[in-house]
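Below is one structure; the comments refer to it alone.
The numbers here are math on the coordinates, done by the rules we state, and not lab data. The structure displayed is predicted, hence computed values, not measured ones. Using ideal geometry, Cβ is built from the backbone for each residue, glycine included, and neighbour counts are taken over all protein chains shown.
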Amino acid sequence: MQFTVALDGPAAAGKGTIAKALADKTGFAYLDTGLLYRAVGARHLDGDEPIAAAQSLNAADLEREDLRTAQVAKKASEVAVIPEVREALLSFQRSFARMEGGAILDGRDIGTVICPQAEVKIYVTASVEARARRRFDELVARGDDVTFEQVAQDVADRDARDASRDTAPMKPAEDAIVLDTSDLSIADAIDAAYRIVQQKSA
Ligand code: DC
């Protein structure tokens, strides 16, 4: 059985949390595609050329401890505008999406470019304020030295870059269901997404 759930949307909207919960409930495999771009960004920070890094990405790159830092997030968004970087990461994501047993992918272009035939497409979004607050709390809990204003600016900059690039810009697929999590608890956001998956798989 092939069944793809595409979860797209801006940074810190709750995609990852929803995706993991859906994977637990459905038993589908889960891929956080942002990690691929983060791994390329991290290699670029080490001095590697981004296209070469994307073409030679390996399992160890995806296990680096620094992939969740604000610095790597920014680099990830920068290398993600390069068409050859996106191209190098395409076939892995496509095969993952259509693997037997079902797959959930979260990212920016899953429903539009990676898997336009996905059975479920959800565009998870939230206000910049709500997303910046969540990301700020996450970074502070991890011990990062950041201010709320800095985090809000980073989120807004990343949105602008991800949405305005020429190749595979972040946007809802025409047939995506938009889920705004600004005023939803985590449990309610997960329930809403799970109901959508159940309806489409019935
Ligand atoms: O989802 P994330 O915050 O981990 O993603 C980091 C960056 O990677 C994001 O700002 C843009 C890029 N990205 C992308 O261009 N396409 C994807 N499918 C996933 C992430």
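Descriptive notes on the structure:
- Taken together, A11, A53 contain a single residue that is more than 13 Å from the ligand (Cβ to nearest atom) and either assigned to a helix (DSSP H, G or I) or under 12 Å from G107 (Cα atoms) (or both), which is A53.
- Some residue of region 118-129 being away from the ligand (no atom under 16 Å from the Cβ), free of Cβ contacts under 8 Å to residues at least 60 places away in the same chain and assigned to a helix (DSSP H, G or I): yes
- Among residues of region 59-84 that are more than 19 Å from Q153 (Cβ to Cβ), those with a Cβ under 9 angstrom from a residue that is within 12 Å of the ligand (Cβ to nearest atom) and among the aromatic types (F, W, Y), sequence gap 6+ or separate chain, pair up as V79/Y37.
- Single condition K74 does not satisfy, out of (1) under 15 Å from the mean Cα position of the chain (by Cα); (2) assigned to a helix (DSSP H, G or I); (3) crowded, with 22+ Cβ neighbours inside 10 Å: (3)
- Of the residues making up region 15-30, just one is without any contact (Cβ under 8 Å) to a residue 40 or more places away in the chain and within 16 Å of the ligand (Cβ to nearest atom), namely K20.
- Every residue from region 140-158 that is surrounded by fewer than 20 Cβ atoms within 10 Å (Cβ to Cβ) and assigned to a helix (DSSP H, G or I): V140, A141, F148, E149, Q150, A152, Q153, A156, D157
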